[in-house]
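First up is the structure itself, then whatever we jot down about it.
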Amino acid sequence: MTDATASTPAAPASGRRQSISLFRQDAHTKRRNAAETRFKAYGLTAVLVGLFFLIVLFGSIISNGLPAFTRTVVELELTLTQEQYEEAESKLLKTGAYRDFFIAAFDRELEERGVEVEYDAAALERILGKIGGNLREFYTANEDRLGQPVDFELSTSSRIDGYFNGRLKREDVRDSRFLMSTDLDLADELYAAGIMKSDFNWNFITGADSGVDNPGGAGIGASVVGSFFMMIVVLVLSLPIGVAASIYLEEFAPKNRWTDLIEVNISNLAAVPSIVFGILGLAVFIQFAGLPQSAPLVGGLVLTLMTLPTIIISTRASLKSVPPSIRDAALGVGASKMQAVFHHVLPLAMPGILTGTIIGLAQALGETAPLLLIGMVGFVARGYPDGFVSGFTEANSAMPAQIYTWAARADASFYEKAWGGIIILLLFLMTMNIIAIVLRRRFERRW
Amino acid sequence: MNMTDMPATAETVTTMTSPKSKITAKNVEVFYGDTHAIKDVDVEIEDRNVTAFIGPSGCGKSTFLRCLNRMNDTIDICRVEGRIEIDGEDIYDKKVDPVQLRAKVGMVFQKPNPFPKSIYDNIAYGPRIHGLARSKRDLDDIVEKSLRRGAIWDEVKDRLQEPGTGLSGGQQQRLCIARAIATEPEVLLMDEPCSALDPIATDQVENLIDELRQDYSVVIVTHSMQQAARVSQKTAFFHLGNLVEYGETDQIFTNPQDPRTESYISGRIG
Ligand SMILES: Nc1ncnc2c1ncn2[C@@H]1O[C@H](COP(=O)(O)OP(=O)(O)OP(=O)(O)O)[C@@H](O)[C@H]1O
Ligand SMILES: [Mg+2]
């Protein structure tokens, strides 16, 4: 501050400051307090601006993503006999036959409920998609279910789905071969009758990706599993390697030109764009080492490369922050260097190491670019891996890759799914952060 | 000084020095990078005796003390030259493991530095890693004995599981003293052990030092002339990295040979 230049001219020449009442602030104090108040106001403004954007962010994520968690379905009990099945299979237009069976059952259901609506098969297909095809697909795969009643749950087309969750407004509907405005009246009536209803979309959380033509069936579950296996690889590799490297560099390595060089290069690595690691992974792990494409193992290896510098840098920083007097104390009672490090330094550095690790893992979890190059983006995971080992080696997607894939698809309903996926991704991250905080508390509370 | 004219070979050192000699330092030079912290120091520290290092701040007392258990090895820029022997063995020899040396030469640091662990673990750590206790009972005994000798037992006996860092500064220092003697060293180096203690605790520590003298040799750095006079038999006066004067404590305080010593102990420099 420029306090010195503005000193009060009233200062007596004798050198001794004139004594003034403590109840009155002198000019100097006033200026200092004003500066402090101003600074606090700046800080508060910054925090509020940050908070505002956070709220906007979360608000838009939630409002855009929530519809992905509900879906509109038609429930119908249907029994197909062996004869009907054989009859349908013998026809030239097989799906047409199945559709007729479905419509018959649908009519019966309407009658039972006492609902009177006018509709044609084409309208029903616009609302429910390829009814005949789906039905045939089910029965050819499950011939044993013939002759028994089966509860079908048919998801509505993405437009009808959007109409019920607010994405599609009635005014915006222009009649086309995908949707007529009369279809909406029909849907409303079915909805009112209770045949069509909205419920929680469990399939979105547990299911696998569905392919471009069926947004209703798309789920993020398989890619959550993919991400999970990737994180296991990253954690298992980068934590021990990173911590061991940091301990060596910080506590044991001589400080010379070589270690300086290594240190500089680790910092450089932390700044390398992730896509570079992606192409490295493609060249080394897939093309050279022959590991399977799109596999969480390869993704994990690439992300490990990316995470290592972060972990090493934060681990070294937290080792550095352990007061040297603790090392002296341990060495002074005759502990070896290794004992000093493992008994005293490392436990004290643990909270910092954990924080760094979690930050590294969180970065890795959200990383998309390197996955692009090893084939995890755009890959349609149609199911779960069927074992622990194949979880690593079988081609799968990962959460951010899945979100990217959805966002790139034409159907607006996938866009909604992308936002929903982001909610799941954020939940995952928050869980990780909470685990980190809990662990850190545990380590800190010890002393 | 009484050592400058001594022959330098190892055998003659052991034969020439009295059997009481524990540590012999010859031509010791210490550098921190380009700073010359210790300049050609020769000193002979006797067994079962207390030696006091006195001198103005920054004159190299701590530095020299840390040479005696090779704590300076941990400072990268620190370089030690010359020869320091304990029981006639060169401690800077390549064959010597500094860890083994430090078990034999314990140290209390200038700033109290308890481990951020429980009081019990602070004391038990040394005996544990050196395998001094065969059972939990043994260990309990060692802990109690050490805390008693460190003059802190009464204050902490009910809170052994509480963190050592939660003690007051003076208590922490006594805890560190107790920790140092728990490993049963042969030589105990104490860097201003009483600087944070009240007169009562100081008195207890001085009694402890006196008691330790029966079995160990003790080297103590202190800024208190009275303390040096009270507890030590030999006193070394350091000034700007030089060992100016070394001799019987009585003689140093009553009849100093060097004018610098004289002005320091009479309070004119320092
Ligand atoms: N780690 C270090 N790095 C560089 N210089 C050091 C280091 N430790 C000590 N020195 C220097 O060595 C000289 C002697 O320091 P030393 O700590 O031995 O003094 P001292 O006699 O113990 O002082 P005091 O009574 O204040 O503790 C000082 O000039 C100091 O600046
Ligand atoms: Mg000192």
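The values are calculated or read from the model by the stated rules, or taken from the named source; none is laboratory data. Predicted model, so just to flag it, every value in this text is computed and none were measured. Note: ideal-geometry Cβ built from the backbone for every residue, glycine included; neighbour counts use all protein chains shown. Quick note on the areas: whole protein, heavy atoms, side chains included, nothing else; ligands and nucleic acids left out. Shrake-Rupley method; radii C 1.70, N 1.55, O 1.52, S 1.80 Å.
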Considering each of B:Asp215, B:Asp210 in turn, give the residue that is more than 15 Å from ligand 1 (Cβ to nearest atom), open to solvent by 30 Å² or more (accessible area, probe 1.4 Å), assigned to a loop (DSSP other than H, G, I, E, B) and away from every other protein chain (no Cβ under 14 Å). B:Asp215
Within 15 Å of the chain's Cα centre (by Cα) and surrounded by fewer than 22 Cβ atoms within 10 Å (Cβ to Cβ), is that true of A:Ile423? yes
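I'm checking my understanding of the structure. Among residues of the stretch A:322-341 that are out of contact with any His (no Cβ under 9 Å at 6 or more places or on another chain) and more than 7 Å from every other protein chain (Cβ to nearest Cβ), which one is nearest to B:Ile181 (Cα to Cα)? Full working, then the answer.
As a first pass, look at the stretch A:322-341 and keep what is out of contact with any His (no Cβ under 9 Å at 6 or more places or on another chain): A:323-325, A:328, A:331-332, A:336-341.
Still in the list and also more than 7 Å from every other protein chain (Cβ to nearest Cβ): A:323-324, A:337-338, A:340-341.
Numbers: A:Pro323: 23, A:Pro324: 21, A:Lys337: 20, A:Met338: 22, A:Ala340: 18, A:Val341: 22 Å.
In this case the residue turns out to be A:Ala340.
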Looking only at strands (runs of 3 or more DSSP E) that lie completely in the stretch B:42-132, which have at least 1 residues being within 11 Å of chain A (Cβ to nearest Cβ) and within 16 Å of ligand 1 (Cβ to nearest atom)? B:105-108
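Take the residues of the stretch A:229-265 that are part of a helix (DSSP H, G or I) and among the small types (Gly, Ala, Ser): which is surrounded by the fewest Cβ atoms within 10 Å (Cβ to Cβ)?
Just the residues of the stretch A:229-265 that are part of a helix (DSSP H, G or I), to begin with: A:229-252, A:257-265.
Filter once more, so that each one left must be among the small types (Gly, Ala, Ser): A:238, A:242, A:244-246.
Details: A:Ser238: 25, A:Gly242: 26, A:Ala244: 12, A:Ala245: 19, A:Ser246: 24.
Here the residue is A:Ala244.
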State the number of residues belonging to the stretch A:343-352 that are open to solvent by 10 Å² or more (accessible area, probe 1.4 Å) and either modelled with pLDDT of 95 or more or under 20 Å from A:Ala436 (Cα atoms) (or both). 6
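Taking the condition of being among the hydroxyl-bearing types (Ser, Thr, Tyr), within 14 Å of ligand 1 (Cβ to nearest atom) and open to solvent by less than 10 Å² (accessible area, probe 1.4 Å), how many residues in the stretch B:218-245 meet it?
1
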Starting from residues that are modelled with pLDDT of 90 or more and open to solvent by less than 60 Å² (accessible area, probe 1.4 Å), keep the ones in the stretch B:132-143 and report whichever is farthest from the chain's Cα centre (by Cα). B:Ser135
What's the number of the condition B:Glu248 fails, among (1) over 27 Å from B:Pro127 (Cα atoms); (2) away from ligand 2 (no atom under 16 Å from the Cβ); (3) open to solvent by less than 20 Å² (accessible area, probe 1.4 Å)? (3)
Every residue from the stretch A:338-361 that is touching a Leu at 6+ places or on another chain (Cβ under 7 Å) and under 28 Å from B:Ile123 (Cα atoms): A:Ala340, A:Val345, A:Ala349
Would you please list the contacts, defined by Cβ atoms under 8 Å and residues six or more apart or on different chains, that run from a residue in the stretch B:71-86 that is without any contact (Cβ under 8 Å) to a residue 24 or more places away in the chain to a residue that is surrounded by 14 or more Cβ atoms within 10 Å (Cβ to Cβ)? B:Thr74/A:Arg327; B:Thr74/A:Asp328; B:Thr74/A:Leu331
For the stretch B:118-127, state whether one or more residues are at pLDDT 90 or above, aliphatic (A, V, I, L, M) and over 24 Å from A:Leu348 (Cα atoms). no
Restricted to the stretch A:182-228 and to residues being of a type in the set (S, T, N, Q) and part of a loop (DSSP other than H, G, I, E, B), the residue modelled with the lowest pLDDT is A:Asn214
Yes or no: the stretch B:162-183 includes at least one residue that is more than 16 Å from ligand 2 (Cβ to nearest atom), away from every other protein chain (no Cβ under 14 Å), assigned to a loop (DSSP other than H, G, I, E, B) and modelled with pLDDT of 90 or more. no
Is it the case, given these coordinates, that A:Ser176 is under 29 Å from the mean Cα position of the chain (by Cα) and at negative phi? no
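In the stretch A:73-159, which helices (runs of 4 or more DSSP H) lie fully inside it and hold 2 or more residues that are closer than 25 Å to A:Asn201 by Cβ and of a type outside the set (Gly, Ala, Ser)?
Values: elements: A:82-90, A:94-113, A:121-128, A:131-141.
Of the helices (runs of 4 or more DSSP H) lying wholly inside the stretch A:73-159, those with at least 2 residues that are closer than 25 Å to A:Asn201 by Cβ and of a type outside the set (Gly, Ala, Ser) span A:94-113, A:121-128, A:131-141.
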Please state which of the following conditions A:Ala222 fails to meet, knowing it meets all the rest: (1) open to solvent by less than 70 Å² (accessible area, probe 1.4 Å); (2) within 14 Å of another protein chain (Cβ to nearest Cβ). (2)
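For every residue, the table says whether it meets (1) modelled with pLDDT of 90 or more; (2) more than 16 Å from ligand 2 (Cβ to nearest atom); (3) within 22 Å of B:Pro114 (Cβ to Cβ).
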{"site": "B:Glu211", "(1), (2), (3)": "no, yes, no"}
{"site": "B:Asp215", "(1), (2), (3)": "no, yes, no"}
{"site": "B:Val219", "(1), (2), (3)": "yes, no, yes"}
{"site": "B:Ser232", "(1), (2), (3)": "yes, yes, no"}
{"site": "B:Ala236", "(1), (2), (3)": "yes, no, no"}
